[in-house]
Each structure stands twice: as C-alpha cells, then as structure tokens.
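Chemist: Handing you this structure, nothing more for now.
The values are calculated or read from the model by the stated rules, or taken from the named source; none is laboratory data. In this text, all values refer to a predicted model and were calculated from it rather than measured experimentally. Note that we place each Cβ from the backbone using ideal geometry, even for glycine, and neighbour counts take in every protein chain shown.
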Amino acid sequence: MERRAFLRLGACAAMAASRTRLFAESNVKSVALRIGKATNVTMSPDFTGLSYESAQLAHPDFFSSGNKALIGMFTRLSHRGVLRLGGNTSEFTRWSAAGTTESGSASAVNPDTGQKEKSASTITPKAIRNLRGFLDATGWHCIYGLNLSHGTPEQAAAEAKFVAETLGDKLIAVQMGNEPDLYFKTWRPKDYNFTAYLDEWNRFAGAIRKAVKNARFAGPDVAENYHWVAQFAAQHSPDTVMLTGHYYAEGPPSDPRMTIEYLLHPTPRLLAEISIATQASRESKMPFRMAEGNCCHWGGKPGVSDTFASSLWAGDYMLQLAQAGYVGMNLHGGGGGVYSPIAGDTINGFTARPVLFGMELANQFASTTFLDTELDTNGANVTAYAAKRDDRWLLAIFNKDSTSVRVGLTGDSSRVIGTPTRTMLLRAPAIDSKQGVTFAEGRAGIESSPDSKIAFEMSPYSGVLLEFGS
Ligand code: BDP
C-alpha cells in the first residue's frame, strides 16, 4: 500500500501557536520540489572551513593542542575542515625565526577592519609548531597566508620553509597577499593591476620554490575582482593547486540598506562571481575555494550578522557554493567579531554563534553527491538541496520567508518516501534572535495517506535537514 508521509516541522516552540493560526488562515505558500537524478557534483569532505586573521598566530597558545575548548568547537563543526590564515593583518605579520612573541595583548584577534599595522604581529616557530598540534588534534588542514604587500620574497621564503616543514601534509598551500585587487586603494599606486600583481607574485613564488621542496600555492585571494581569478588561472604554474577568492554578502554595516531582509535574498553579484570562478576552475582544472567571507564586511553588522538570519544565510550559502562545484569555503571570524562563527578567547572560553549552526547543517552534506532538483517556490523565499551518499538520502530546505510553506515532493521522489531516519531542525525564537539558536533532532508528526508523496510544513524562517535510508 502506498503511503503519504506528512511531516510537520516547526521552526520553534514559540511559533507553534501562531503556526496553527497561520495555517487556519491558509497563509501558507505551497512549494513543489522535484528531486531528479544524481549530478556529477560531490561536496568535498573538507568543504567546511574557517578563516582567521594571521595576527592570531602572534598568540601561540590560541591555535595549539592545549586549547581544548577551541579544538572541541572545531571538531563539533567538522572532523576534516580547512583553517585559512590571512586577512588584512597578514599584510603586516613578521616572521621571526629567533623571536619571542609579544605579550600584554588579548589572546583572541577580531576580524580586522583597518589597514594599519597591528601591535602584535610577530610569528615565531613556536606559533607554527603549536599550529601543527592544533591541526593534528582537530583533523583540519591549513591554507597559510604570507605577507606580500609589506614583506620581501626572502622573508616569505624563510617563513614558508618553516611552515611547510612543520605542517607537512597538513599544509594545503601558501598564499601571497590578501585581496591584492584592492591594493590600488592602499599600499600600491592607483594604476596597480593584475600584471603588476603577477610580477610580484612570481618574484615571491620564485624565492619560495628555491627554499621549499614541493612548494604549493593558492591564489589570488581576491576581494571582489573575480576577473583576476580567471587571469590567474590562465597563467597558473603546475605548483599552483587552488584558486581562491572572497565573498561578503553585504556591507558596510553603516549602510541602512544592509538588513536581514537583504541578507536573505539572493544577490546577482554572487551569481556573477560563482559563474566566473567555476568557469576558471573548469578551464584550468584547478579547484576553487571561497577562502574568506561572511555576511557583512568590516567585521559584521550587529542585529544582522549575529542573529538567526546568519544561520539560514550560512547554511544556504554553503550548499549553494557546494552545488555550484566549489571545493570549499571559509567563513571569517575570531575573537569577539560580530560575524564570528566561534566567539571567545582562551581565558573566557568559546561559544557558538548563530552562523555556526547553519554551517553545521550544511556540513552534513560533506562527501555526498548532489541530485538535480526543481523547485517551484510559488513566490516564497525558499531554497532546497538534495544529495545522496551510498544508500542515504539527504534533503535540506531553508524557508527564508516570513510565511509558512508547505513543501510537496513530486516527480522522482520515490527514494525519499517514508519516515526520515533523521530530522534535524535549524530554529530560533525569531529571525533576529541572537540566543536560543539550535540545530538539533526535532519531532516530525507523520501522517499517512494513500499516494506515495511526501509533504511537510515549515514555519517562517526555519531550516530542516531530512535524512532517509539506513
Ligand atoms: C576582509 C579582510 C579581513 C576583514 C574583513 C572585514 O580580509 O581581514 O576582517 O574584510 O572587513 O576584506 O570584515
């Protein structure tokens, strides 16, 4: 006998009462999702990543095997992620083979919002040895940023040599420079262009190749000029193993247009960047990684980047990039930054910020192969992703709309009928909640019906992960 599985997925307990009322008023948009065949896109096992300022290394106890609390946060997110070190402060770090680290400053470094030299920016061998211990303890790998704008090829080569020898196969690649496409605004002449950058890059790469056996590079780590990615890909040398670029969904925080609503709607800029990045990646056969980004640049916007909206944004954004064929992405953070996925320091401990919960949801798709989907949103702000791994089927849906939606699965959905083996809900008391965000096993009230379709209801502003199969 055929059955209809009818699931009710609530965004939160607080919404339960109003949900009934909303449904009674038929204020529910019907959304139709058709799941098709497997694509050739697999989400890489180490897709999930975090990005920190290089200046964080000036506090060697932060990324160390002794920082159990931070190791716990990283492994909760993923057992195989990528830690990218860079940011504005990587343009000021100094390698000191004999040096001692500076003291007297806080142990956690916020996302950097300026272009000035920071007081603590000396990186010593101890920091790199400790970093190796941290990577071993977490199972994570590393992309390491070198100072291109204020350093010399010789300094970069000495630092890269120690980093490569110490991190071994934990090092994916080194990068030279952070957002060099914006150098023309700061420490280079106004006419600084890709050719000038490539010239510098080649001088640094040449020195590093002499010092480091089997050196591996990634780049160009641009802020926004993705044409540089295409140019870099076309010029790449065999030891360049990855293309990189950044993405901040909105900003600056002072702009009143930068709101939760803005964050939750797709932007043409993102689609344009994805198109250039994936084309460059296909043509050069090099993977592309979004190496640094988050919801709002200049450190994030309070009331947006630190709310539940950032959870829905992060989960949806990650799966969008994975489905497009990116090899990974790193959300930027650190210390008390507004958008930091993990906030805190070695003295006060660490806490999960809303954005981390969305990342946790998306990370469930690691190593799965995406399935074709067709979504008739009926005007609702909803996105959906389906994937499979062996005999497990995953479905993630984000209702970024202020109304409830009823999702009906149609077409080739026979694989995901019946009771999900796991139902995980991404929810919070409200879209602008800073506390009370959870990504946890939820209750799904299942009703049966005589056709083989699944339908379920989602509350406004909620996410769900359904798993089917063994
Ligand atoms: C990027 C920088 C990073 C900043 C971030 C921001 O690379 O260091 O923290 O912007 O402004 O451009 O939030």
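Chemist: Evaluate the following for A380: is it farther than 15 Å from A309 by Cβ and part of a loop (DSSP other than H, G, I, E, B)?
Modeler: Yes.
Chemist: Now for a separate question. Out of P220, P189, which single residue is within 16 Å of the ligand (Cβ to nearest atom), of a type outside the set (A, V, I, L, M) and not in a helix (DSSP H, G or I)?
Modeler: Step by step, each of P220, P189 is checked, and only P220 is within 16 Å of the ligand (Cβ to nearest atom), of a type outside the set (A, V, I, L, M) and not in a helix (DSSP H, G or I).
Chemist: Pairs under 8 Å by beta carbon, first residue closer than 16 Å to T42 by Cβ in region 371-399, partner among the charged types (D, E, K, R) and not in a strand (DSSP E or B), six or more apart or different chains?
Modeler: K388/R415; W393/R415
Chemist: How many residues, within region 46-92, are within 26 Å of F217 (Cβ to Cβ) and part of a helix (DSSP H, G or I)?
Modeler: 10
Chemist: Find all pairs meeting these conditions: Cβ atoms under 8 angstrom apart; at least six residues apart or on different chains; first residue within region 424-436 and acidic (D, E); second residue buried (at least 16 other Cβ atoms within 10 Å of the Cβ).
Modeler: Cβ pairs passing all conditions: D432/I260; D432/T307; D432/F308; D432/A309.
Chemist: Of all residues in region 281-295 being touching a Phe, Trp or Tyr at 6+ places or on another chain (Cβ under 7 Å) and away from the ligand (no atom under 16 Å from the Cβ), which is farthest from Y52 (Cα to Cα)?
Modeler: S281
Chemist: If you don't mind, another one. How many residues, within region 158-205, are within 18 Å of E224 (Cα to Cα) and surrounded by 15 or more Cβ atoms within 10 Å (Cβ to Cβ)?
Modeler: 17
Chemist: Looking at region 335-353, which of its residues are in a loop (DSSP other than H, G, I, E, B) and over 14 Å from the mean Cα position of the chain (by Cα)?
Modeler: Of everything in region 335-353, those that are in a loop (DSSP other than H, G, I, E, B) and over 14 Å from the mean Cα position of the chain (by Cα) turn out to be G335, G336, G337, V338, T346, I347, N348.
Chemist: Now for a separate question. Would you confirm, using the coordinates I've provided, whether G72 is within 16 Å of the ligand (Cβ to nearest atom) and modelled with pLDDT of 95 or more?
Modeler: Spelling it out, it is not the case that G72 is within 16 Å of the ligand (Cβ to nearest atom) and modelled with pLDDT of 95 or more.
Conditions (1) at positive phi; (2) in contact with a helix residue (DSSP H, G or I) (Cβ under 9 Å, 6 or more places away or on another chain); (3) touching a residue at least 60 places away in the same chain (Cβ under 8 Å), marked per residue:
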| residue | (1), (2), (3) |
| --- | --- |
| A272 | no, no, no |
| Q279 | no, yes, no |
| E283 | no, yes, no |
| H297 | no, no, no |
| Y326 | no, yes, yes |
| I342 | no, yes, yes |
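Chemist: Only residues that are in a helix (DSSP H, G or I) and either within 16 Å of the ligand (Cβ to nearest atom) or under 20 Å from F204 (Cβ atoms) (or both): list them for region 228-269, please.
Modeler: Answer for region 228-269, where residues must be in a helix (DSSP H, G or I) and either within 16 Å of the ligand (Cβ to nearest atom) or under 20 Å from F204 (Cβ atoms) (or both): W228, V229, Q231, F232, A233, A234, Q235, L263, R269.
Chemist: Given (1) in a strand (DSSP E or B); (2) assigned by TED's automatic domain parsing to the domain that holds A108; (3) within 26 Å of M242 (Cα to Cα), identify the lone condition not met by L356.
Modeler: Checking L356 against (1) in a strand (DSSP E or B); (2) assigned by TED's automatic domain parsing to the domain that holds A108; (3) within 26 Å of M242 (Cα to Cα), the one that fails is (1).
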